[in-house]
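Okay, structure first, notes after.
The values are calculated or read from the model by the stated rules, or taken from the named source; none is laboratory data. Every value quoted in this text rests on a predicted model; they were computed, and no experiment measured them. Please note: Cβ atoms are built from the backbone with ideal geometry, for glycine as well, and neighbour counts cover all protein chains shown.
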Amino acid sequence: MHMNKRALVVGNWKMELSHKGALEVFGALQKLIHAKEFAVDIAVCPSYPSLPAIAELARDTSITVGAQNVHEDEKGACTGSVSVGQIRDFVSWCIIGHSEVRAREHDSNESIARKAKILLGHGITPIVCIGETKEQRDGEETLAVLLSQVDILLKNLDRVSIMKTVIAYEPIWAIGSGELPDANSVYEVMLSIRKRISQSLDNELADRVRLLYGGSVQGENVGQYIAGSGVDGVLVGGASTHPRDFFAIISQVATSYAQ
């Protein structure tokens, strides 16, 4: 039961494309999608320099635009960082808490909750990434780690903010490795997250929150995570920079989510 939710497919382009390459990928993707009517929300997240141009291209299309990160402060002496005020004219979404950023910038769960709050205050939907390392998985700590990350969000965001927030489960050990969790493990994670939200707030809200899966997502494996597993979409990395591959994922999500 999807509570009238639409599935969400997000392409994280990371640092893979030049500005020219980003424009070409977007153009090719739009041509593939143009003639189709998918009951799926589609977002692409280019690097900062390409946001204005991609946002302009995306106007009057079914593709929306997101950023890959944001600083937790509105403004300040933060050389090399980008604030919410600098992206808000171009994006509807923003990825925060991605494991690559957590590792590089030492983002804490509290910092990520602050980012979520500031994004929501500017009308931008946060896509909050949570995940466990291989060591944590091997130590059977997966659910404890993930729920501790969710708990910080529940502690810092109000009911309406939680309802608007997207949570993306990306097992860190699966990102770019080709190694995948089985569908049952992903189902257990999604069920546990919804249960924790329900305990903190209520059942209806827990069902309304969109939960995504991410980590080595490809057209040939995405269906197993969407069909009946409590997953409302996917966060796609490298495959999203290849228009035909990303289109195949979008198509498969649309088909599986409707079942």
Filter the stretch 183-227 down to the residues that are within 15 Å of the chain's Cα centre (by Cα) and of a type in the set (Gly, Ala, Ser) and list them by number. 214, 215, 216
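Looking at the stretch 39-96, which of its residues are among the acidic types (Asp, Glu) and more than 20 Å from residue 17 (Cα to Cα)?
41, 60, 72, 73, 74, 89 - these are the residues of the stretch 39-96 that are among the acidic types (Asp, Glu) and more than 20 Å from residue 17 (Cα to Cα).
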Out of the residues in the stretch 1-10 that are within 17 Å of residue 246 (Cβ to Cβ) and out of contact with any Leu (no Cβ under 8 Å at 6 or more places or on another chain), state the one that is surrounded by the fewest Cβ atoms within 10 Å (Cβ to Cβ). 7
Among residues of the stretch 144-176, those that are part of a loop (DSSP other than H, G, I, E, B) and closer than 15 Å to residue 186 by Cα, counted: 3
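Every residue, every condition in (1) of a type in the set (A, V, I, L, M, F, W, C); (2) part of a helix (DSSP H, G or I); (3) surrounded by fewer than 18 Cβ atoms within 10 Å (Cβ to Cβ), yes or no:
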{"site": "185", "(1), (2), (3)": "no, yes, yes"}
{"site": "194", "(1), (2), (3)": "no, yes, no"}
{"site": "207", "(1), (2), (3)": "no, yes, yes"}
{"site": "217", "(1), (2), (3)": "yes, no, no"}
Quick one: which residue in 69, 12, 4 is of a type in the set (S, T, N, Q), under 20 Å from the mean Cα position of the chain (by Cα) and at pLDDT below 95? 4
Can you find a residue that is small (Gly, Ala, Ser), closer than 22 Å to residue 252 by Cβ and touching a residue at least 24 places away in the same chain (Cβ under 8 Å) anywhere in the stretch 20-39? yes
Only one of 80, 131, 123 that is in contact (Cβ under 8 Å) with a residue 40 or more places away in the chain and among the small types (Gly, Ala, Ser): 131
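Of everything in the stretch 242-259 that's aliphatic (A, V, I, L, M) and either in contact with a strand residue (DSSP E or B) (Cβ under 9 Å, 6 or more places away or on another chain) or closer than 17 Å to residue 16 by Cβ (or both), which residue is modelled with the lowest pLDDT?
Taking the candidates together, the pick is 258.
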State which residue pairs qualify: first residue at positive phi and inside the stretch 189-205, second residue part of a helix (DSSP H, G or I) and exposed (fewer than 13 other Cβ atoms within 10 Å of the Cβ) in any location, beta carbons under 7 Å apart, and separation of 6 or more residues or different chains. none
Taking only pairs six or more apart or across chains, which ones have beta-carbon atoms under 9 Å, a first residue in the stretch 231-259 that is closer than 14 Å to residue 14 by Cα and part of a loop (DSSP other than H, G, I, E, B), and a second residue that is modelled with pLDDT under 95 and hydroxyl-bearing (Ser, Thr, Tyr)? 237/216
Looking at the stretch 98-125 only, could you name the residues that are over 14 Å from the mean Cα position of the chain (by Cα), over 21 Å from residue 85 (Cβ atoms) and not aliphatic (A, V, I, L, M)? 102, 104, 106, 108, 109, 110
Could you count how many residues in the stretch 122-143 are out of contact with any helix residue (DSSP H, G or I) (no Cβ under 8 Å at 6 or more places or on another chain) and either assigned to a helix (DSSP H, G or I) or buried (at least 17 other Cβ atoms within 10 Å of the Cβ) (or both)? 3
